[in-house]
């Protein structure tokens, strides 16, 4: 397998883990709101496991360290601390999932601006060549 293919496969695996983590986080919040202790316990165990998996998959050592630290903090935290942790985690995970789409939108916007600018150059050239007679 080529290096690029392995990188893309790792990136896809990372996205899948982040998506699963987002879903588990939401399920934990829902279980917490409904006071369902068995669901809370189930999701409390799966969230740090997913964090460790995310740490194992990501190539950046700083990101690995952050996810491992979050998983350890989650494991030591009580119910109140976990409840406080879920909101920033959810926001951060949403940003990780949304970022590629924002980047793609920026690229499309930039391409549109370039095309618009090129079109205006042609309009200016046309006006210069016809001395503005076609504008009236």
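Neighbour counts of C-beta atoms inside 10 Å place 57, 107, 63 in the sequence 107, 63, 57, starting with the fewest.
Taking other C-beta atoms within 10 angstrom as a stand-in for reagent exposure, 133, 15 fall in the order 133, 15, fewest first.
Going from the fewest other Cβ atoms within 10 Å to the most, the residues 38, 44 appear in the order 38, 44.
Since every read-out is calculated from the coordinates, none of them should be taken as a lab result. Just so you know, these numbers come straight off a predicted model, no measurement behind them. Quick reminder, even Gly has a Cβ in these numbers, built from the backbone with ideal geometry, and neighbours come from all protein chains shown.
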